[in-house]
Structures are given as C-alpha cells and as structure tokens.
Amino acid sequence: MNEETVIRSQPFPGGGFFDDEERKGILEVIQSGVLSGFVANAGEQFLGGKKVRELEEDVCRLFHSKYAVAVNSATAGLHAALAACGVGPGDEVLVPPLTMSASASAILMQSALPVFVDIRDDIFSVDERLLESKVTSRTKALVVVHLFGHPAEMDSVLKIARKHHLKVIEDCAQAPGALYKGCLVGTLGDAGVLSLNQHKTITTGEGGMVLCNDEAIAMKVRLVRNHGEAVVEGLGVKDISNTLGWNYRMTELEAAVAIGQFRKLDFLTRYRQELASYLTSSLSRFEELRLPETLPNCNHVYFLYAIRWVPSKKGLTRDEVVQRLNREGIPFGAGYVKPLYLQPMYQQRICFGNAGWPFTSVDQPPNYAKGICPVAERMYEQELLVTSVCRYPVTKADIDDIARAFDKILAGNLASKR
Ligand SMILES: *Cc1c(COP(=O)(O)O)cnc(C)c1O
C-alpha cells in the first residue's frame, strides 16, 4: 500500500484572495494611527470609525439592506441579533442541529433554550415541515441556517414565523450571496448574520456583519456591540431590555480588509459555483454518490460541497470512503459536525455555572436525547461527506483529481467503469 502512488501528493491550494484594495486600506488605517474608532459613550464614536462606517454603507448597498452593523464575529452577530429581537431567559428558539455550534450557543448566551428541529436530507437546512410541531407558548424566535451555501426554504419558514409571531434570524455565515427567489439571504428575516472568519468565502481573519431592515433592531445590535449599559442614558434609550453590551466592535483594520473583500464576493462566489458544477458533472457517473441539489428559485454558493454516500453492494462505508479519499490526498471530511445536542453541554445540561442554568430556568427543558433528529444523525453517522475545495484558486485540473480518486476507490482501478 505504501509504495503505491497516490492521486495527489500536493495539497489543494489554500483559500483567500487579497490584492491592492486590501493592502491600500490597511496602510491608510496604519497611517491614520486610529486602529479602532469606537468609544462607548453617546457621542459620534459610538458608531465606530471611518472604515467601519464606510464598510457598513457598502454592505447596505450590496445587500439592499437598510442597516448593516459590523461586528467582530458571526458568533457575536448572532448573539447581538437574538438580543435585539427580544430573546431572553426561558425563551425557546428553534434551530437545526447540524450546523456550526455558534448557531445554537448564541441562543444560550441570552439564557434562552435551543430547541432542535431536524433537517431536510436534500439541502440539509431545517425541515420546514417539522417547524410548526416544535412551536410552544415559549417559542420566541428561530435561527435558520443556510447550510453549506444553499438557502433554507424561506417562504415556509417565514409563513410559520409570521403565524406564531416568531422572530427569524438568518445564519448566513456559509451563504453570503446566495439567492432565494431573487433575494439575497440575510435580508429575508428580521436579521441576517454574515461571517468574515478565516475559513469563509470572504474574510478579515475574524469578523461579522448583522443585516436588518428595522431601525429598532439595528439600534439594539449597536448597543449590544458597544457596551450598551453605559450608553443608553446618554442616548435617551427608553427600552433598556437586552441592551447589556459586550465588546463586539470591529477594528478599522478589519473593516479596511472587509471593504476590499465584499467587492470580491461576486467573483469568488461565481468561481465556487463554476467549480462545483464542474465537479457535479464529473461525479455524476457514480451511482453511489448523491450529489448536491439546488431547489428551484434558489442558487447555491457552495461554501462546502456536500455529498451523500448511498451505501453500495460493495459494502464500503462512508467512513471507509473518506479514509481512502484522504489517503489519495483528496480532502473530504466525514459527517460535517456532530448534531449539536449530542455535545456534552446539552447532554449534561451544564452551561453557565454548574447548577444547570439556563436549562433549569424552565419546568420542562427541551429534549436533547439521542434520536430526536434522526435525519441529522444519519447524515452525521453514515451519509455526508464534505469538501471545501470548490474555491479560488483551485483549478479544474485540481478538481479532476477528485473524480480520479473516486474511480480508483469505487472501481478498483482507473481504467474500468469508464
Ligand atoms: C462560521 C460559522 C459561524 C461562526 O462564525 P464566526 O465568525 O467564526 O463567529 C456561525 N454559523 C455558521 C453556520 C458558520 O459556518
């Protein structure tokens, strides 16, 4: 086995695309001597520095959003958005379990309780048909995640939310630029949150953005971003609920980079889409693979390219396929992430302190038992394999190696099955 040549001995090229736009912006900031323009008082600097404001204006224009509030991560943005939407102790918030942990932990940060709703097995976002059955008198909001870059079924989500007076927070960390019926995700719900972390389509290292169209929500997000408790008096804010502030402020350096990055979003998204559709056509001959679907009226921005393994007669498991791909130098991960309720924090109900807060804040805390979301568990345990290589500056020649590796693994050698 060791002497055998592998399909790839070179790693796939890393992500990230920066040019003079970012370089010039950073230099300007350094030369100005002001690396952060924020001050936590009721003056003008409450809203941050020059680059932060320029960035927010750019993003409003790009996303056709009335407000855009820059923060220092999507995790911070999700927390601020939940606070701004009025979520508080004992409230229930619906969220899918197969997502990055922050989609749900941001709910706990408000001492509210995540209620996990299973996902669809085609687009991997929340199964909208299950949402309504999870609504109780305590349900206040839902966090909808546009997983892997495909929009969730927003018409149904919004309809249920409206009927039950729930706020909708869109976690768009993986889907900047994705369209649902012609509208950019992040602008459909009450608030939308983008991530600019190192691994996302556009990046400032760490960073995030909250989009919304409601002035009161925008104001609360800004208060949560910048020590609201110290500012509400000076600003004459009457409703001080959920205005406890944190330091979620973005630096001028990050904002300078973000300005350049948002200008590249369209290019980087098209690049991903082109590689993904090339990969789909080259993998379509493998019966064992269920390739990514795009629902009508949606577009997929392929933050991750997710395949379902349909167990074959040959008896290979998903994990064996992933091991063999990795051995061939093809980076695929098995399962994406463990359904969140299976993490120790939910299983042991230990979050703030050791007495079980906030799970103990209600008589009947949500159920986190294994088995509550069978589709998410099956995707995690048996079916999903994901790769992040459909991105700039990976080439089609690089992508060809993926089909060659599947050929080798599934057919035993390169020549057969053609
Ligand atoms: C990356 C990610 C986050 C968190 O983003 P940060 O900017 O690192 O806080 C949240 N939700 C999803 C779905 C993500 O992929």
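The values are calculated or read from the model by the stated rules, or taken from the named source; none is laboratory data. Owing to the predicted nature of the structure, the values given are computational and were not obtained by experimental measurement. Quick reminder, even Gly has a Cβ in these numbers, built from the backbone with ideal geometry, and neighbours come from all protein chains shown.
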For this session: Determine which single condition Gly33 fails, assuming it passes every other condition in (1) of a type outside the set (Ser, Thr, Tyr); (2) in contact (Cβ under 8 Å) with a residue 40 or more places away in the chain; (3) within 28 Å of Asn247 (Cα to Cα).
Result: (2)
Problem set entry | All helices (runs of 4 or more DSSP H) inside the stretch 219-333 with 3 or more residues being under 22 Å from the mean Cα position of the chain (by Cα) | 252-283
Exercise. Across the stretch 160-179, what is the number of residues that are surrounded by fewer than 24 Cβ atoms within 10 Å (Cβ to Cβ) and either within 12 Å of the ligand (Cβ to nearest atom) or not small (Gly, Ala, Ser) (or both)?
Worked result: 9
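What about Arg308, is it within 16 Å of the ligand (Cβ to nearest atom), on the phi < 0 side of the Ramachandran plot and among the charged types (D, E, K, R)? Even if it seems obvious, please write down each step before you answer.
Numbers: within 16 Å of the ligand (Cβ to nearest atom): no; on the phi < 0 side of the Ramachandran plot: yes; among the charged types (D, E, K, R): yes.
For Arg308, the condition - within 16 Å of the ligand (Cβ to nearest atom), on the phi < 0 side of the Ramachandran plot and among the charged types (D, E, K, R) - is not met.
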For this session: Within the stretch 71-80, identify whether any single residue is polar (S, T, N, Q) and in a helix (DSSP H, G or I), and answer yes or no.
Result: yes
Exercise. When you look at Ile217, is it surrounded by 20 or more Cβ atoms within 10 Å (Cβ to Cβ) and more than 28 Å from Ile307 (Cβ to Cβ), yes or no?
Worked result: yes
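Restricting attention to the stretch 72-92, which residues are more than 17 Å from the chain's Cα centre (by Cα) and within 16 Å of the ligand (Cβ to nearest atom)? Don't jump to the end; show me each part of the working.
Filtering the stretch 72-92 down to residues more than 17 Å from the chain's Cα centre (by Cα) leaves 83-92.
Correct list: Ala83 only.
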Exercise. Any idea how many residues of the stretch 350-391 are in a strand (DSSP E or B) and either of a type in the set (A, V, I, L, M) or at pLDDT below 95 (or both)?
Worked result: 3
Seminar exercise, completed: Of the residues in the stretch 41-52 that are in a helix (DSSP H, G or I) and under 29 Å from the mean Cα position of the chain (by Cα), the one that is farthest from Thr204 (Cα to Cα) is Phe46
For this session: Starting from the stretch 50-79, keep only residues that are over 11 Å from Ala258 (Cα atoms), then list their pairs with residues that are among the aromatic types (Phe, Trp, Tyr) and away from the ligand (no atom under 16 Å from the Cβ) whose Cβ atoms are within a distance under 9 Å, requiring at least 6 positions of separation or different chains.
Result: Cys60/Tyr67
For this session: Within the stretch 190-207, track down each residue that is buried (at least 24 other Cβ atoms within 10 Å of the Cβ) and near the ligand (Cβ under 8 Å from one of its atoms).
Result: Val193, Ser195, Leu196, Gly207
For this session: Tell me, yes or no, whether the stretch 4-20 has at least one residue that is on the phi < 0 side of the Ramachandran plot, surrounded by 20 or more Cβ atoms within 10 Å (Cβ to Cβ) and in a helix (DSSP H, G or I).
Result: no
Exercise. Within the stretch 102-113, is there a residue that is within 16 Å of the ligand (Cβ to nearest atom), over 26 Å from Arg391 (Cβ atoms) and touching a Cys at 6+ places or on another chain (Cβ under 6 Å)?
Worked result: yes
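Yes/no matrix, rows are residues, columns are (1) within 30 Å of Thr317 (Cβ to Cβ); (2) surrounded by fewer than 23 Cβ atoms within 10 Å (Cβ to Cβ); (3) among the β-branched types (Val, Ile, Thr):
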site: Gly182; (1), (2), (3): no, yes, no
site: Thr187; (1), (2), (3): no, yes, yes
site: Gly228; (1), (2), (3): no, no, no
site: Thr251; (1), (2), (3): no, no, yes
site: Arg263; (1), (2), (3): no, yes, no
site: Leu275; (1), (2), (3): yes, yes, no
site: Leu283; (1), (2), (3): yes, yes, no
site: Pro296; (1), (2), (3): no, yes, no
For this session: Among the residues of the stretch 1-40, count how many are more than 26 Å from Thr201 (Cα to Cα), of a type outside the set (Val, Ile, Thr) and modelled with pLDDT under 95.
Result: 4
Exercise. Which number in (1) modelled with pLDDT under 95; (2) within 30 Å of Arg23 (Cα to Cα); (3) of a type outside the set (Lys, Arg) marks the one condition that Val257 misses?
Worked result: (1)
Exercise. Any idea which residue in the stretch 208-230 is farthest from the ligand (Cβ to nearest atom), counting only those that are touching a Gly at 6+ places or on another chain (Cβ under 9 Å) and of a type outside the set (A, V, I, L, M, F, W, C)?
Worked result: Glu229
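Being charged (D, E, K, R) and within 16 Å of the ligand (Cβ to nearest atom) is the requirement here; does Glu254 meet it? Steps first, please.
Details: charged (D, E, K, R): yes; within 16 Å of the ligand (Cβ to nearest atom): yes.
Considered against the rule, which asks whether it is charged (D, E, K, R) and within 16 Å of the ligand (Cβ to nearest atom), Glu254 comes out as yes.
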